[in-house]
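Each remark here refers to the structure printed beneath this line.
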Amino acid sequence: MSVYKAAHPVRFVTASSLFDGHDASINIMRRMLQASGAEVIHLGHNRSVEEVVRAALQEDVQGIAISSYQGGHMEYFKYLYDELQKKGAGHIHIFGGGGGVIIPKEIAELHNYGISWIFSPEDGRTYGLQGMIDKMVQTCDFDPAEKAGPLPELADADAYTVARYVTLAEKNAFGEKLAKEHRSRLDQALEQVSAADKEPPVLGITGTGGAGKSSLTDELVRRFLIEFPEKKTAILSVDPTKKKTGGALLGDRIRMNAIATDSVYMRSMATRDSRQELSKAIEEALPVVKRAGYDLIIVETSGIGQGDAAIADVADVSLYVMTSEFGAPSQLEKIDMIDFADLIAINKFDRKGSEDALREVRKQFQRSHLRFSEKPEDMPVFGTMASQFHDSGTNRLFYELVSTINETAGTNWVSALGKGEHIAERNAVIPPEQIQYLREIAKTVRSYHSRTEALAELARRWYQLDGAAEVLADAPEQEALLSWRDYYRDQLDAEAIAALTDWEDKKARYQKDTYTVTVRDEEVVTELNTVTLSGTVIPKVALPSYKDYGEVLAWIRKENVPGEFPYTAGVFPFKRKGEDPKRQFAGEGGPAKTNRRFHYLSKDDNAKRLSTAFDSVTLYGEDPGRRPDIYGKVGESGVSICTLDDMKVLYDGFDLTSPLTSVSMTINGPAPMILAMFMNTAIDQQLETFQTEHEREPTADEAAQITGETMSVVRGTVQADILKEDQGQNTCIFSTEFALRMMGDIQQFFIDNKVRNYYSVSISGYHIAEAGANPISQLAFTLANGFTYVEYYLSRGMDIDEFAGNLSYFFSNGLDPEYSVIGRVARRIWAVTMKDKYGANDRSQKLKYHIQTSGRSLHAMEVDFNDIRTTLQALMAIYDNCNSLHTNAYDEAVTTPTEESVRRAMAIQMIITKEMGLAKNENPLQGAFIIEELTDLVEEAVLAELERISDRGGVLGAMETQYQRGKIQQESHLYETKKHSGELPIIGVNTYLNPREDPDVNAGMELARASIEEKENQIKRLRDFQERHAEEAPQALAQLQQTALTGGNVFAELLNTVRVASLGQITSALYEVGGQYRRNI
């Protein structure tokens, strides 16, 4: 396939729009742009127009590529265009895409407004992926210096002007011809620099690849801005150019949280043909930023090897960043930068061996710098953990760095931050002695199966000898046969013998008309048969007719009936009568509108199983507002909730303490705040009920009792899965460490307050699958995340049986064959691990999970075909005994579901459960050879993946190297490539195409969009709430911060905070004490 080759260096900024975590497609596009020779500054997900424009101007790019899947695209793209025009950068081309979310008439409107191109699903079929990339590169193949307006003076210029001069310096360095006017301007600026009395200091930061240079740089810049708010910083960051393609991933900006200010200018530079870790353009660019009036200039290199030390030639002060993983101490003698560095940071100091590394590096620094009269511990080598918020080691490094700059460059910067501090030991999320937990789990499951084979063979011998003895009843050999029979039987454990002894009685129990089980001290009687119209009796649970003890025992240990260990067929003996697995999913506009939808969906159901989708503003913990890129998202693709008042309106009319009411909330980053609002809503409902019934306020003791009773009975799930957010969905808002701490605080609060019916986390594979993972990766990553929570909670001192029952799972069902057994495999791995590794009780062994049909399999083309795919996926889920199910609406590829499409989606489930005859049986998959084979194959593939994650330091270690994210992106790219090539047939999309289909066939479809009235009303409700609590909120927020800083339970305090502070106010307050999430590529 031919690739367009640009005549000019083409630079792009790529990102997902504000409050949008869907980055699978933009990651594919940016990778292909790089492979086509472009230099790509990737910003990642959830980027505001201001951030994108700032990056585009500072980087002097020709193009911007934005993906937008969460609604609000009209406001976002128009606002982006307007801001570029306002800044004098109208020559920068804007490209976008959003699958079927951006409909043809909206695409036409955006094109007419000035957006260069919005790609549609039809474009993907017409151009192919590479054709789309070629179109973008070709459009942007021009010299930006020739397209922009007149070039102003450099002295005290704005960031865009500085960027344009840096581009000229870069062109000059690589021998490109400059226009006469530009040459004159650049020469004049450089002459003024050489005539200056004093130059700003240059800090060079270099180090090995993967040492965390960008994160550490960001933390140092953040401290510099706090300590010296009047000073300006310029960052020149270098990344390597690929020799084969000429493209480059300029990925440092994505890691920087501190640069969102006019006090910082950042420019990402590719090495191009420099053949070293520094770009040739650095020496030309440095005078430019010096002349522009910056007080501190930071040059960060790409990852270097042992013999590289080019940074020392351009820096006044050099900082070398490394980790403990350098091999034997003798390897330190080969590292040139130890000879040249003024300071060394051993980052990621929580890794094993860091203390030893610190000692060895200090000794090598002492030798290299001939400082034998000083103690090794006085060498400027410091342990840091840049990933941890307000790390004391980074504080100390900052103090020493400022002191060194003062000594070297003659500055007089005064700061006491970090003085005398030493890196403080923190309790690791997963203690070092537990780091191999995933490999141990794989070993546990395999050992269980090996034990099963051994026991089954013993039981088979018992059966065979018993039969032989029976045949030879009167023969002299019978005594010997019986002796051997007893020998093999006695080698079985008591559990196996009991299972075999009970086998015939168990079969008899299931052949009766009813079956009685005890649930929470109550007897539940279940009818065991359904009679068809033809008079056939269909058993609810069918058992195998095995006679051989070995076959029986193997089946019991690998399969068993639903409700019995290892729960392969299901965690409960039978499905609950009168309660289908369906959930009523809603979320649109304001809380009142979604409340009406909930009542509409559940009006004919005794069980109210409400599943709540929040708008993307809420998902990112922010308040609604009128800025266009925020305003467009308010109430789109979910409900806007920002105050306790909103939460009360959302669930008004539903008894949240009823055993028939269950509330699921799909929220992650701000889950603790939203959950606190929900709990308060349930509590206040019961307090109001008391007032109505008793015509008085409850006493303090009565209120406390009502509060405790409410929390003990409320049912539902909050997603709160921060690990999969980092790996797939991207609605992380706080630092991972702080987010995990709050998850632990929620679970500890649940234990302390006996909250047993509400699940503290829904460990989600759905969003991992939606990001592009195949079913094996979805299941493996999700189970690995679940076991990580288990290990973390255990490390906090919680008892396994006090929390494991409050964990639930959430999977996607696509059409791949592995989805037929995803529940079976998950249940068996979990049950065996809980029992044999953790010694957990029966309740903890039961993995309960929700299924949502695949959103990724919904297509805007031939949209009516989506219901067919959804039906097949729902059928697999029900046959696999999922605990609850959501069927997607056919129009979700284009819009938020309408009442009509939701009704059709609900009908899919109801037709299966009410009309599908085989669904009357509750273990239809058991006994099928292909199902048994698939179960074993998928299980082994999952165990192998757990081992691969274990070898990377467990889930958190693998996340640090972006293992999960990289694998998901790779699998997503494979899917998209096969889809676009037609190798993966998708009916109505790339094959069996409708010859009469109009590209604008969905134009008449009802689009669910929040109205201006709804958006304005939500903003007004927020303002009213904030005004009412203006005096109380500051004190409550300060108390919340103090609780976080002193190690208190943050969730317990949030129950108070949400009564007077809005979601956005709380998020901002917690950023200051817990840190903000740092994106990764």
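The values are calculated or read from the model by the stated rules, or taken from the named source; none is laboratory data. All values reported here derive from a predicted model rather than from experimental measurement. Quick reminder, even Gly has a Cβ in these numbers, built from the backbone with ideal geometry, and neighbours come from all protein chains shown.
For residue 690, work out the one condition from (1) closer than 27 Å to residue 885 by Cα; (2) free of Cβ contacts under 8 Å to residues at least 40 places away in the same chain it doesn't fulfil.
(1)
Only residues in region 105-119 that are within 18 Å of residue 82 (Cβ to Cβ) count as the first member; pair them with residues that are loosely packed, with under 15 Cβ neighbours inside 10 Å, Cβ under 7 angstrom, at least 6 apart or cross-chain, and list the lot.
Pairs that qualify, where the first residue is within 18 Å of residue 82 (Cβ to Cβ) and the partner is loosely packed, with under 15 Cβ neighbours inside 10 Å, are 118/111.
Looking at (1) touching a Cys at 6+ places or on another chain (Cβ under 8 Å); (2) in contact (Cβ under 8 Å) with a residue 60 or more places away in the chain, which is the only condition residue 849 fails?
(2)
Scan region 822-861 for residues that are closer than 21 Å to residue 908 by Cβ, under 26 Å from the mean Cα position of the chain (by Cα) and not polar (S, T, N, Q) and report the count.
Of the residues in region 822-861, 10 are closer than 21 Å to residue 908 by Cβ, under 26 Å from the mean Cα position of the chain (by Cα) and not polar (S, T, N, Q).
Confirm whether residue 680 is at pLDDT below 95 and farther than 24 Å from residue 1011 by Cβ.
no
Within region 30-44, track down each residue that is under 23 Å from residue 770 (Cα atoms) and surrounded by fewer than 24 Cβ atoms within 10 Å (Cβ to Cβ).
Across region 30-44, the qualifying residues are 31, 32, 44.
Only one of (1) buried (at least 17 other Cβ atoms within 10 Å of the Cβ); (2) assigned by TED's automatic domain parsing to the domain that holds residue 233; (3) hydroxyl-bearing (Ser, Thr, Tyr) fails for residue 448. Which number is that?
Checking residue 448 against (1) buried (at least 17 other Cβ atoms within 10 Å of the Cβ); (2) assigned by TED's automatic domain parsing to the domain that holds residue 233; (3) hydroxyl-bearing (Ser, Thr, Tyr), the one that fails is (2).
With (1) surrounded by fewer than 21 Cβ atoms within 10 Å (Cβ to Cβ); (2) at pLDDT 95 or above; (3) outside any loop (DSSP other than H, G, I, E, B) as the list, and residue 829 as the residue in question, which single condition is left unmet?
Only one criterion in (1) surrounded by fewer than 21 Cβ atoms within 10 Å (Cβ to Cβ); (2) at pLDDT 95 or above; (3) outside any loop (DSSP other than H, G, I, E, B) is unmet by residue 829, namely (1).
Search region 858-912 for residues being outside any helix (DSSP H, G or I) and of a type in the set (Gly, Ala, Ser), and hand back the single one that is surrounded by the fewest Cβ atoms within 10 Å (Cβ to Cβ).
So the residue we want is 884.
Read through the list (1) of a type in the set (Asp, Glu); (2) under 30 Å from residue 1076 (Cα atoms); (3) outside any helix (DSSP H, G or I), then give the number of the only condition that residue 374 fails.
Looking at each condition in turn, residue 374 falls short on (2).
What strands (runs of 3 or more DSSP E) lie completely within region 201-289 and have 3 or more residues being at pLDDT 95 or above, in contact with a His (Cβ under 9 Å, 6 or more places away or on another chain) and crowded, with 23+ Cβ neighbours inside 10 Å?
Qualifying strands (runs of 3 or more DSSP E): none found.
Looking at region 538-587 only, could you name the residues that are on the phi > 0 side of the Ramachandran plot and buried (at least 23 other Cβ atoms within 10 Å of the Cβ)?
Of everything in region 538-587, those that are on the phi > 0 side of the Ramachandran plot and buried (at least 23 other Cβ atoms within 10 Å of the Cβ) turn out to be 567, 570, 587.
Please pick out the residue among 420, 410 that is outside the structural domain of residue 941 (by TED's automatic domain parsing), surrounded by fewer than 17 Cβ atoms within 10 Å (Cβ to Cβ), in contact with a Pro (Cβ under 9 Å, 6 or more places away or on another chain) and modelled with pLDDT under 95.
410
One residue is enough: does region 145-165 have a residue meeting the conditions outside the structural domain of residue 335 (by TED's automatic domain parsing), of a type in the set (D, E, K, R), modelled with pLDDT of 90 or more and within 37 Å of the chain's Cα centre (by Cα)?
Yes, region 145-165 contains at least one residue that is outside the structural domain of residue 335 (by TED's automatic domain parsing), of a type in the set (D, E, K, R), modelled with pLDDT of 90 or more and within 37 Å of the chain's Cα centre (by Cα).
What are the residues in region 715-765 that are hydroxyl-bearing (Ser, Thr, Tyr) and not in a helix (DSSP H, G or I), if any?
Answer for region 715-765, where residues must be hydroxyl-bearing (Ser, Thr, Tyr) and not in a helix (DSSP H, G or I): 717, 731, 735, 758, 759, 760, 762, 764.
In region 306-326, how many are under 32 Å from the mean Cα position of the chain (by Cα) and part of a loop (DSSP other than H, G, I, E, B)?
Going through region 306-326 one residue at a time, the tally reaches 4.
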